[in-house]
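Each remark here refers to the structure printed beneath this line.
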Amino acid sequence: MDIEPFALERWLAEHEHGAAVNLGDSGVRPLDADRFDTDPGTLGYVVPTNGDLALRERVADRYDRGADDVLFTCGTQEANLLAVLATLDPDSHAVCVTPTYQSLHSLPAAVADVTRVELAAPDWRLDPDAVAAAVEPNTDLIVLNNPNNPTGKIHPQATVEALYDLAAAAEAYLLADEVYRPLAAPDERVEPVASMGPRGISTCGLSKGWGLPGLRFGWLTGPAEVVSAAWGWKDYTTIAPPAFGQHVARQAIDREGELLAENREHVRGNRDLLGEFAAEYGLDWHLPAGATGFLTVPEGFDSGEAFCRALVDEGVVVVPGETFDRPGYVRVGFGAERETLREGLDRMATVIEGGGA
């Protein structure tokens, strides 16, 4: 298995440590630990290793599935890895919708052949016919991120259903990373893919929308044969979900309505600030549903990376579009504390007004 370097994570590893303002993160500002009981009693393995039965039942309910159709993981990232390993082999082919978080195409490409289908700027619309044209006789997986990272685009219900039908017709699976779904307003949310039928796999977790990335707690939900195979692979990765993460996750899910409403309100206020900034400086973007804005590069800068390096010199970290194979853009995370975002935008203004000089 060969896997390419994770460009976004390498960029952040190089620049975010010690930055005065970090707008490179893609989730909501982390919640304070003192809002939860942080004593799980003991720190042994979670048993059974696929996660607490009662909590899996609660998660499964949101997908109209049973507890055995849920596997708890160390974040959504592990859930995506296990989904890929459970569905692909060297003779397989996958169709991946891009731009997206790199693991959603690099992981499949490490195992199987991959065809990418590109979203169309400026509204980042997904054409189901383009996905259909990319399906091959050995296609075993179609991969979608909804809402999308980096663009924030919500692919509508009809589009996702069309992709599900394509997967089912090809006897493939549709994998949807839905980690930003909690940030979408309830009337904007698309039905989870895992609830659409036996060919749907959903991954999610408590990081981006919940503001609990340090828990490293996520899940994979889907048909029993995929979940069983993923659990078999998990025996060789992390074995079990984190005991501490599961302990706090149970409390967070108990308070889901309160926490998600708070986080959505916070993100919407920050989105308005970023929108005002983008309009002032003539930067185009698609109004996002998550916590990231994918903005065009200001005039005076040759590329996303050139702009981002100028921002680093000003103490601000954002992510160049090159890490998503879109050099004309930068990804700005706006889930930070309000004052942090304000300071970051002030510093960005200084760089833009300097014109790359």
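The values are calculated or read from the model by the stated rules, or taken from the named source; none is laboratory data. From a predicted model like this one, the values you see are computed outputs, not experimental measurements. Neighbour counts are summed over all protein chains in view; Cβ atoms, including those assigned to glycine, are modelled from backbone coordinates with ideal geometry. Just the protein is used for accessible areas: all its heavy atoms, side chains included, with ligands, DNA and RNA removed. Shrake-Rupley method; radii C 1.70, N 1.55, O 1.52, S 1.80 Å.
If you go through segment 169-213 and pick out every residue that is in a helix (DSSP H, G or I) and touching a Pro at 6+ places or on another chain (Cβ under 8 Å), you end up with 3. If you go through segment 117-131 and pick out every residue that is in a loop (DSSP other than H, G, I, E, B) and in contact with a helix residue (DSSP H, G or I) (Cβ under 6 Å, 6 or more places away or on another chain), you end up with 1.
The set of residues from segment 137-168 being more than 20 Å from L260 (Cα to Cα) and not in a helix (DSSP H, G or I) comprises P137, N138, T139, D140, L141, I142, V143, L144, P150, T151, H155, P156.
Residues that are modelled with pLDDT of 95 or more and either over 13 Å from G275 (Cα atoms) or among the acidic types (D, E) (or both) were ranked within segment 285-298; the one that is most open to solvent (accessible area, probe 1.4 Å) is V297.
Of the residues T151, T159, the single one that is open to solvent by 10 Å² or more (accessible area, probe 1.4 Å), of a type in the set (S, T, N, Q), at pLDDT 95 or above and in contact with a Leu (Cβ under 9 Å, 6 or more places away or on another chain) is T159. So in segment 132-148, with the set limited to residues that are touching a residue at least 40 places away in the same chain (Cβ under 8 Å) and among the hydrophobic types (A, V, I, L, M, F, W, C), which one is most open to solvent (accessible area, probe 1.4 Å)? Filtering segment 132-148 for residues that are touching a residue at least 40 places away in the same chain (Cβ under 8 Å) and among the hydrophobic types (A, V, I, L, M, F, W, C), the one most open to solvent (accessible area, probe 1.4 Å) comes out as V135.
Flag not set for Q251, criterion: touching a Gly at 6+ places or on another chain (Cβ under 7 Å), part of a helix (DSSP H, G or I) and open to solvent by 10 Å² or more (accessible area, probe 1.4 Å).
Remark: pairs (first residue in segment 229-240, of a type in the set (S, T, Y); second residue surrounded by 12 or more Cβ atoms within 10 Å (Cβ to Cβ); Cβ separation under 8 Å; 6+ apart in sequence or on different chains) = T237/C74; T237/E78; T237/L81; T237/L82; T238/T73; T238/C74; T238/E78. Where helices (runs of 4 or more DSSP H) fall entirely within segment 1-104, those with at least 2 residues that are open to solvent by 30 Å² or more (accessible area, probe 1.4 Å), farther than 22 Å from D177 by Cβ and free of Cβ contacts under 8 Å to residues at least 24 places away in the same chain are at 53-61.
Rundown of residues vs (1) within 25 Å of V179 (Cα to Cα); (2) of a type in the set (G, A, S); (3) outside any loop (DSSP other than H, G, I, E, B), yes/no style:
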{"site": "G282", "(1), (2), (3)": "no, yes, no"}
{"site": "E299", "(1), (2), (3)": "no, no, no"}
{"site": "D302", "(1), (2), (3)": "no, no, no"}
{"site": "E322", "(1), (2), (3)": "yes, no, yes"}
{"site": "L345", "(1), (2), (3)": "no, no, yes"}
{"site": "T350", "(1), (2), (3)": "no, no, yes"}
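Among the residues of segment 324-343, those identified as outside any helix (DSSP H, G or I) and within 23 Å of A120 (Cβ to Cβ) are D325, R326, P327, G328, Y329, V330, R331, V332. Regarding T203, is this residue among the polar types (S, T, N, Q) and either within 23 Å of L287 (Cβ to Cβ) or out of contact with any Gly (no Cβ under 9 Å at 6 or more places or on another chain) (or both)? Judged against the criteria, T203 is not a match. The listed residues are E178, E191, E171, and the only one of them that is of a type in the set (D, E, K, R) and either in contact with a His (Cβ under 8 Å, 6 or more places away or on another chain) or buried (at least 20 other Cβ atoms within 10 Å of the Cβ) (or both) turns out to be E178.
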